[in-house]
1. Counting Lys and Arg as +1 and Asp and Glu as -1, each charge on the Cβ, what is the dipole of the protein assembly as shown about the Cα centre in debye, to the nearest 20?
2. How large is Rg/Rh for segment B:108-259, to two decimals, with Cα atoms and a Kirkwood Rh?
3. Within chain B, what is the longest stretch that has no chymotrypsin sites (Phe, Trp or Tyr not before Pro) placed in a DSSP loop and near at most 16 other beta-carbon atoms within 10 Å?
4. So what's the angle, to the nearest 10 degrees on a 0 to 90 scale, between helix A:2-17 and the longest Cα principal axis of chain A?
5. Could you tell me what fraction of 2.2 N^0.38 Å the Cα radius of gyration of segment B:175-255 comes to, as a two-decimal ratio?
6. Using the count of nearby Cβ atoms within 10 Å as a rough guide to exposure, how do A:Lys128, A:Lys280 rank from fewest to most?
7. Please say if segment A:146-246 is rounded, prolate or oblate, where rounded means a/c under 1.5 for a ≥ b ≥ c the square roots of the C-alpha gyration tensor eigenvalues, and otherwise the choice is prolate for a/b larger than b/c and oblate otherwise?
8. By what distance, in whole Å, do the Cα atoms of the protein assembly as shown stretch along each of the three principal axes, largest value first?
Amino acid sequence: MTRILAAAFLLISAAAAQAHGVAFVINSGSASVSILDMSTGAELRRIPALREPHHWALSPDGKSLIIGDSAGNQLLFLDPATGDVQRRVPCADPYQLGFSPNGKFLVVNGLARNQVDVYDVATYTLIKRFPLSSMPSHMAYAPDSSMVYVSLQGTDKLAAIDLIRMAVVWVQPTGKTPAGVLWLNGRVLVANMGEDGLSVVDPVDGHVERRVHTGRGAHQLFLSPDGHTLYVNNRVEGTTAALDPATLEIRRTYAISGGPDDISFAPNGDLWITQRFAEKVAVLDPRTGVLTHYQVGRSPHGIFLNASGE
Amino acid sequence: MIDPFDLTAGWIEEHALIPLLYRFDMMEWEDVAYGWALVAVYGVVQVFLTLAICLPLERWRPVERWPDNRAVAVDVFYTLLSRIGILPLVTFVLFYKLQVMLSGWLTDHGYVPPTLEGFFPFLLGRPVPTFLLYVIILDFSDYWRHRFSHVFRWWWALHSLHHAQRQMTFWSDDRNHLLDDIIASLWFLVVGLLIGVPPLQFPVLVLVLRFLESLSHANARVSFGWLGERLLISPRFHRAHHGILAAGERSCNYGAVLPWWDMMFGTADFGRAYVETGDPSASEALVTGSYIAQQWAGLKRFAGALVPRSVRSHDRPGAVRLVGRTRE
């Protein structure tokens, strides 16, 4: 009887710990978006994109999940609850995109065309184009939306764009093959794919204050929603490093094979990580280190979780 | 559904290419390397698939038997170079990136490059009919590219390398001058801009098409029958294109996969069966030389063709001088 009760308790606990809602996984190689049931990992739908979608941004009103299809020169607007296609809008080479915290600007990085476009969200018109060499890939905003920082993957630099004056303030070398960018504690962190960690950059003038070891091929970095952990995916080493956001010291490292790329956080604390070279999404329980894998399409890149399913 | 080719390419990328790129400070090439790995994996499968099917066919029903087939070896090299080696990398780096940049530039100037899925939205998410439509359009465009390569003197000077082989086998499909390959890629780029060809979106189907193109060069008595010959290009049909009487401007059967365009534009010849192949006007270096010798001979012929006709005392470069074998 005790065993039965214990088993029942475990089952109930497991069910409570399970994440609900849907996960949107952008399959760059398959030109599609997989929608997974977060509780089972089953693929519910697959939405066709046009050519090569990579990253996403949620519109400020939360009503549209906007996916950039770089080779298709198209923005794909999806209903974030159902995945229904709302519209497709022409846009030149939208590789990476992000809304400013105040919801006024949409910045679109054209990695192939070496350009950074700033749009006015109220009218969705182009305010200004910044030709930036080369390969603008990832971005981070200052919390007051006055600046956006863009990594230039091809030239080992970081660019700072003043969104008030609409001008490039500085372009500074920060590390080899910079990819992910994050604003943290008044500093800009840059993941250097050609090195083994992060650069901590002064947002005022772009000089590198220090370098932090995370693992070979640091590619992307994300702060957990509770702000307690900074996760860095190391592409070459095949690991995800969990860092103390205050000290930037590594607390723990998880082995994630298959080219770990983007991360999205589930409400239960799990990390959903795309594995670019394995056609999978890894769901990592950071407490236990247990990994669960779900099958998706070719070259999964961006990932968005709508945990409420609404 | 798991894609074993993609997973293999991913494994190569993760365990071989990325560590190498990291070692040599070239991580910005990681996406390109992944694309190349995928093309190369499909290339290896293409080569083995073609070998497994075409070699027994050539042994079983050969059109010609040669006491010495050393001339075929260089075609094997062409195939490996073209399907696995450096050429896909160059094509991927140069032309794919160029296409993305150009199409983005056009989008930016108010011209959204059309796509078949744009014209026919029901095609989105339906890869097989989409791909078949792309095949028909691309094959049509390739028919004209190929036909023009026989018409213009300078172009034929390059393309004649492909026709010079007297011992034509399934390996001969990729036997091309580098400049001819580049022109073909540029042609593809322009067509791609017009109809939005999806890069690497249908690799399995591309694999089947490439196999059909190799098969059409096989040294095998294979016909698809009266109806089949009019639906898909067979070794019998394409061999007539490589016949010694069909070199240069007077050729026929230009199609690569579908014979429809030859039938439509009056260049189809279903009558010639299993003719001898080669270009009687080609220099021996172009026929039996090493890879480098053939490329150099092709370049010289190309340079010669650029000289105005009035200055030259030769016949038209595309014209055929009948020598040797005249089995046709």
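1. 1920 debye
2. Reported Rg/Rh (Cα atoms, Kirkwood Rh): 0.99.
3. For chymotrypsin sites (Phe, Trp or Tyr not before Pro) (loop position, at most 16 other Cβ atoms within 10 Å), the longest site-free span of chain B is B:25-110.
4. 20 degrees
5. Numbers: Rg = 14.9 Å, N = 81, 2.2 N^0.38 = 11.7 Å.
Against the compact-globule rule of thumb, the ratio is 1.28.
6. Ordered by Cβ neighbours within 10 Å, fewest first: A:Lys128, A:Lys280.
7. Verdict is oblate for segment A:146-246.
8. 87, 69, 44 Å, listed from the longest principal axis down.
Taken together, the values in this text are just the output of simple stated rules run on the coordinates, not laboratory data. Not measured: the values here are computed from a predicted model. Using ideal geometry, Cβ is built from the backbone for each residue, glycine included, and neighbour counts are taken over all protein chains shown.
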